[in-house]
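In what follows, a single structure is set out as C-alpha cells and then discussed.
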Amino acid sequence: MNLRKITWSQISTALLFLFVVALLYSPRLKSWVIMGLMTIGFFKPDIPQPKPGDKREPVPAMLVHNTDGKRVDLQQQKGKVVFINFWATWCPPCLAELPSVNALYQKVKTDTNVVFITVDVDNDLIKSTQFIHNKGYTFPVYGGSPADVPDKFYSNGIPTTLVVDKKGNIVFSHFNRANYDDQAFTEFISELAKQ
C-alpha cells in the first residue's frame with residue numbers, strides 16, 4: 001500500500017475551497033466577512049462635496065408604516081434630514097451594514113432634526129421587526145406597498161441608502177454596503193441637521 005503524505009499546502013487549499021463554498025451558500029458567513037472588512041476600513045460611504053450650482057433631485061412621494069400603524073409621509077418631513085435605508089433579512093450585504101446603521105442611529109437619535117427610515121423591501125414587518133429585535137438593534141423599521149415606496153429609490157438593488165436634506169432634496173445616494181458608523185458620515189448628517 002502506497003500512502004502519500006498530506007502537505008500543508010494541500011490542507012490549506014482544501015480549507016480555502018471549503019471556505020469559498022461556505023461563502024456561496026451561507027448568507028450569515030458572507031455578511032460576517034463583509035462586516036469584518038467594514039471594521040478594518042473598507043466600504044466607507046463617499047460623502048458628496050456639493051459645488052455651487054449643483055442641481056439636486058427632489059425626493060418623490062413615499063409613504064411607509066410600521067407594525068404599530070405609525071405612518072411616515074416623506075413629503076411631510078421637510079425641515080428634517082431623512083436617512084433612508086432599503087434592506088431585507090435575506091440580503092448578506094444588508095445584514096453586514098445593519099450594525100453600522102444602528103450605531104449611526106444611536107449617535108443621532110436624539111436630534112429632532114434627523115429622521116430614520118429603514119424600509120424592509122419585502123414588506124414583511126413582523127419578520128423584519130422580530131429580526132431587528134433579536135439582533136438588539138433599535139432603529140425603526142418600516143414597510144409599505146410597492147405603490148407607496150417608489151422602486152426608483154432602490155432600483156439598482158439593495159442595500160440602498162439615501163439622505164434627504166431639509167429642503168427635501170436627495171443629497172446622498174449609495175447602492176451596496178457601507179459603514180455608516182464612519183466619523184465623517186456622522187459629521188455629514190450632523191452638519192445637514194444644523195443647516
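Read the figures in this text as sums done on the coordinates, not as results from a lab. Remember, predicted model here, so these are calculated numbers, not experimental data. Every residue, glycine among them, receives a Cβ derived from its backbone with ideal geometry; neighbour counts consider all protein chains shown.
Below 8 Å, C-alpha to C-alpha, sequence gap of six or more: please give me the relative contact order for region 43-118 in percent. After rounding, I find 28 percent.
Under the rule of at least 5 residues apart or a separate chain, name every residue whose amide H is placed under 5 Å from the amide H of F172. Amide H to amide H, under 5 Å and 5 or more residues apart or across chains, F172 pairs with V163.
Answer rounded, prolate or oblate for region 57-194, using the Cα gyration tensor with square roots of eigenvalues a ≥ b ≥ c: rounded when a/c is under 1.5, else prolate when a/b is larger than b/c, else oblate. Note, shape of region 57-194 comes out rounded.
Ordering of 83-93, 100-110, 131-141 by packing is 83-93, 100-110, 131-141, highest average first (other Cβ atoms within 10 Å, averaged per residue).
What ranking do Y142, Y154, Y180 get, fewest neighbouring Cβ atoms within 10 angstrom at the top?
Y154, Y142, Y180
Pairs exceeding a 24 Å alpha-carbon distance, out of K55/K78; K127/K194; K80/K109; K55/K167; K55/K80; K70/K166: K127/K194.
Using a cutoff of 8 angstrom between alpha carbon atoms and counting only pairs six or more residues apart, the relative contact order for region 64-195 works out to 35 percent. Note on V171, V64, V164: ascending count of other Cβ atoms within 10 Å places them as V171, V64, V164, the fewest first.
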